[in-house]
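Novice: Have a look at this one.
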Amino acid sequence: MTSTATIAHAPSYYAASANASSLRNALEGSVETDICIIGAGYTGLSAGLHLAEAGFKVVVLEQARVGWGASGRNGGQIVHSFSRDIDVIEASHGSNVAAAMARMMFEGAAIIRERVARYNIQCDLKDGGVYAATSRRKVSGLEEQKKLWEKWGHPGLQLITDKSALHKVVNSDRYEAILVDKTGGHFHPLNLCLGEAAALEQCGGTIYENCAALRIERGAKAIVHTANGRVTTKFVIVACNAYIGDLEPKLAAMSMPCGTQVVATEPLGVLGDTLIPSDFCVEDNNFLLDYFRLSQDKRMIYGGGVIYGARDPQHVESIIRPSMVKTFPQLSGAKIDFGWTGNFLLTLSRLPEVGRLSDNIFYSQGCSGHGITFTHLIGRLLAEVIQGQAERFSVFEALPHYPFPGGRLFRVPFTALGALWYDIRDRLGV
Ligand SMILES: Cc1cc2nc3c(=O)[nH]c(=O)nc-3n(C[C@H](O)[C@H](O)[C@H](O)COP(=O)(O)OP(=O)(O)OC[C@H]3O[C@@H](n4cnc5c(N)ncnc54)[C@H](O)[C@@H]3O)c2cc1C
């Protein structure tokens, strides 16, 4: 029998302010179940909770802690839709696919709100999100987004170009216009994970932490092997996203892990309220975007930057502080208490990769940076397909996917070069 040291959460503000949660045991010995889920981020927890609510026996294996991956370290911003908007999807996949996806694009946020209310999850959930344009050219992007979302039944968006009205929402001179969506919102991401994990256990599910899946043995009943145990199961869901490592090389080869960095300042008190008087979350619509919001204790949580290939940077503060101060010069003297990095999974199409490795092994990965709502939606769709209703799952399963040009060796420099081009355009405002 081997025992490995527990992998702790990244040293983030979220880990430092997490609700109490004891370390769960790793699996020892053999268990039999209906569903074995690998990965305790939002994808795995959302699927597990839907299935446990439907009466299935659910086992979750997590190599570190619940919410250790992107789900416990992200910007905490509820962003509807997908990492490609519906008009782009329509142009490349046709109007039927676009319509089917559009009908689901606001569902993820509703699932989150339903979970928080039903299970009384303490995660500081607040309503209100803002998309911001840093140049006149980018304002047209907001206008198009508004038209598109309204067309798909999402009213109530407000485009603000008047500077004094804009400053009452987000007090920065950086923006030419903002689009306000009161159905957006923000929350403490790790506490949402912990709450969903507790809900899953309340519904009869079992979670093992510090318990990596090492191998999946295919069969009419699959067997998932861990260091000291095995799970015999009718269905497997692989929900490892950017942290999949060598578990399933086919999935790892389909997309590219990317790092993005976040800082949390010291508590700002009244200054925080003057910077974001609305207390909404904000992201700009640049190719390499900035995203920020206030925490419950009035810290500025500011994220941005992309490291293709996902190396862990040494100095997160030096990456993020210049952008933060550009947005809010008032923060030039603010102390940064926490800086961390997390990995999301980028796909070439920017659309999620969803499918099956065999009849009873499913996967979902690659939300390409905007995954909070999609992961909650796909959890429901995974539960549907396992219960024999494949219609909505199939919409995503049918999306074609292609590897990044350059293979594993050159995909990072090729993609970084492409991104540099768009970044320069954004900086020049053209
Ligand atoms: C810094 C950052 C900021 C972001 N901000 C936002 C935002 O504001 N809004 C938004 O919509 N999206 C945001 N995202 C994206 C969003 O967080 C992700 O799309 C989403 O959390 C992915 O969830 P997941 O469950 O698929 O993957 P993850 O949360 O990464 O979970 C995967 C889990 O699988 C586990 N695992 C891997 N291999 C194994 C194995 N062999 N055995 C057992 N367990 C394993 C990992 O330990 C991990 O816990 C952000 C991402 C990052 C990194």
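Novice: Can you give the Rg/Rh ratio of the chain, where Rg is from the C-alpha atoms and Rh is the Kirkwood radius? Mind showing how you got there, number by number?
Specialist: Details: Rg = 20.9 Å, Rh = 22.0 Å.
That ratio is 0.95, to two decimals.
Novice: Could you give the dipole magnitude of segment 1-109 about its Cα centre, charging the beta-carbon of Lys and Arg +1 and that of Asp and Glu -1, in debye to the nearest 20?
Specialist: Computed about the Cα centre, the dipole is about 300 debye.
Novice: Could you size up the charge dipole of the chain around its Cα centre, putting +1 on the beta carbon of Lys and Arg and -1 on that of Asp and Glu, and report it in debye to the nearest 20? Intermediate values should be presented prior to the final figure.
Specialist: Working: 41 positive and 42 negative charges, 96 e Å.
Approximately 460 debye in magnitude.
Novice: Could you list H315, H188 in order of exposure, starting from the residue whose Cβ has the fewest other Cβ atoms within 10 Å?
Specialist: On the way: H315 10, H188 24.
Listed from fewest to most nearby Cβ atoms, that is H315, H188.
Novice: Would you be so kind as to identify which of T183, F287, A239 lies farthest towards the positive end of the dipole of segment 143-291, taking Lys and Arg as +1 and Asp and Glu as -1 on Cβ and the Cα centre as origin?
Specialist: Looking along the dipole axis, the top candidate is A239.
Novice: For segment 116-199, what class follows from the C-alpha gyration tensor (a ≥ b ≥ c being the square roots of its eigenvalues): rounded when a/c is under 1.5, otherwise prolate if a/b is larger than b/c, else oblate?
Specialist: Numbers: a/c = 2.93, a/b = 1.92, b/c = 1.52.
Here segment 116-199 falls in the prolate category.
Novice: Sticking with this structure for a sec: What is the distance in Å between the Cα centres of segment 61-124 and segment 189-248?
Specialist: Going from one Cα centre to the other spans 20 Å.
Novice: Compute the angle between helix 42-53 and the longest alpha-carbon principal axis of the chain, please, reported from 0 to 90 degrees and rounded to the nearest 10.
Specialist: With rounding to tens, the tilt is 50 degrees.
Novice: At 4 °C and 1.567 mPa s, what whole-number value in µm²/s does Stokes-Einstein give for the translational diffusion of segment 1-101, with Rh from the Kirkwood sum over Cα pairs?
Specialist: Details: Rh = 16.8 Å.
Here the translational diffusion coefficient equals 77 µm²/s.
Novice: Between T206, Q261, L251, whose Cα lies farthest towards the positive end of the dipole of segment 187-279 when Lys and Arg beta carbons carry +1 and Asp and Glu beta carbons carry -1, centred on the Cα centre?
Specialist: L251
Novice: Just to confirm the number: angle between the C-alpha axis of helix 407-428 and the first principal axis of the chain, 0 to 90 degrees, nearest 10?
Specialist: 20 degrees
Novice: With +1 on each Lys and Arg Cβ and -1 on each Asp and Glu Cβ, how big is the dipole of segment 40-179 about its Cα centre, in debye rounded to the nearest 20?
Specialist: Values: 18 positive and 15 negative charges, 45 e Å.
Here segment 40-179 has a charge dipole of around 220 debye.
Novice: Something else now. Expressed as an acute angle from 0 to 90° and rounded to the nearest 10, what is the orientation of the C-alpha long axis of helix 107-118 relative to the principal long axis of the chain?
Specialist: The angle comes out at about 70 degrees.
Novice: I want to check a number: in segment 225-348, how many lysine pairs have alpha carbons closer than 30 Å, given a sequence separation of 8 or more or different chains? Don't skip to the answer; put the middle values down first.
Specialist: Details: K234/K250; K298/K326; K298/K335; K326/K335.
Lysine pairs satisfying the spacing and distance rule in segment 225-348 number 4.
Novice: Can you work out ³J(HN,Hα) from phi for every residue in segment 325-340, in order, using Karplus 6.51 cos²θ - 1.76 cosθ + 1.60 and θ = phi - 60°, giving whole Hz and x for Gly and Pro?
Specialist: Each residue's phi maps through the Karplus curve to give 6, 5, 6, 10, x, 4, 9, 4, x, 6, 7, 9, 8, 9, x, 8 Hz.
Novice: Separate question: All other residues with a Cβ under 14 Å from the Cβ of C240 taken together, and with Lys, Arg as +1 and Asp, Glu as -1, what is their net charge?
Specialist: -2
Novice: Another question, if that's okay. For K57, list the aspartates and glutamates whose Cα falls under 17 Å from its own Cα; do not include residues on the same chain fewer than 8 positions away.
Specialist: E32, D34, E196, E201, E384
Novice: Using a 10 Å cut-off around each Cβ, can you sort K335, K234 from fewest to most neighbouring Cβ atoms?
Specialist: Exposure proxy ranking, most exposed first: K335, K234.
Novice: Hey, if you put +1 on the Cβ of every Lys and Arg and -1 on every Asp and Glu Cβ in the chain, which of L61, I386, I307 ends up farthest toward the positive end of that dipole?
Specialist: Going by the Cα projections, it comes out as I307.
Bear in mind these aren't lab numbers, they're just calculated from the coordinates by the rules spelled out. These figures come from a predicted structure and were not determined experimentally. Note: ideal-geometry Cβ built from the backbone for every residue, glycine included; neighbour counts use all protein chains shown.
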